[in-house]
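Student: Got a structure for you, questions after.
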Amino acid sequence: MFKPNVGNVDRVVRIAAGLALIALAATGTVGAWGWIGIVPLLTGIVRVCPAYLPFGLSTCAVKQR
């Protein structure tokens, strides 16, 4: 449906940050705002960041011909 716009490094960082925030929220270390970690986790998994779309941004590598 959407063209991937999240590169490999960006993807790993998003997934790690999302899991960390979710773990902190689940253990009560941070407040309920920690559940916002679901957003970077999902964008890392599906490789599409809706916030990048209006600006035409992409962290995916450009393929050389």
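Student: As a test of reading the structure, rank Val6, Val12, Val30 by solvent-accessible area (1.4 Å probe, protein chains only), most first.
Tutor: Val12, Val30, Val6
Student: Mean residue ellipticity at 222 nm from the helices of the chain, using -39,500 (n - 2.57) per DSSP H segment of n ≥ 4 over the full residue count, to the nearest 500 deg cm²/dmol? Walk me through the numbers before you get to the answer.
Tutor: Values: 2 runs with 29 residues, N = 65.
Taken over the chain, the calculation gives -14500 deg cm²/dmol.
Student: Could you provide, to the nearest whole Å², the per residue accessible area of the chain with probe 1.4 Å?
Tutor: Value returned for the chain: 74 Å² of accessible area per residue.
Student: Summarise the accessible area of region 3-65 (1.4 Å probe, protein heavy atoms) by the percent that is carbon and sulfur.
Tutor: Numbers: 3170 of 4450 Å².
Of the solvent-accessible surface of region 3-65, carbon and sulfur hold 71 percent.
Student: Within the chain, list the chymotrypsin sites (Phe, Trp or Tyr not before Pro) lying in a DSSP loop whose Cβ has at most 13 other Cβ atoms in a 10 Å radius.
Tutor: Answer by residue number: Phe2.
Student: Also, quick follow-up: Note down the relative contact order for the chain as a percent, whole number, built from C-alpha pairs under 8 angstrom at least six residues apart.
Tutor: The value is 47 percent.
Student: Now for a different question. Where a ≥ b ≥ c are the square roots of the eigenvalues of the C-alpha gyration tensor, would you call the chain rounded, which needs a/c under 1.5, or, failing that, prolate if a/b is larger than b/c, or oblate?
Tutor: Taking the square roots of the gyration eigenvalues as a ≥ b ≥ c, the chain is prolate.
Student: Still on this model: Give the angle, between 0 and 90 degrees and rounded to the nearest 10, that separates the Cα long axis of helix 8-27 from the longest principal axis of the Cα atoms of the chain.
Tutor: Its long axis makes an angle of about 10 degrees.
Student: Can you tell me which of Gly44, Gly28, Gly18 moves the most in a GNM of the chain? Springs connect C-alpha atoms under 10 Å apart.
Tutor: Highest fluctuation among the options: Gly28.
The values are calculated or read from the model by the stated rules, or taken from the named source; none is laboratory data. It should be emphasised that the depicted structure is a prediction, and the values quoted were computed from it without experimental measurement. Glycine gets a Cβ as well: all are built from the backbone with ideal geometry, and neighbour counts include every protein chain shown. We work out accessible area using only protein heavy atoms, side chains counted, and drop any ligands, DNA or RNA first. Shrake-Rupley method; radii C 1.70, N 1.55, O 1.52, S 1.80 Å.
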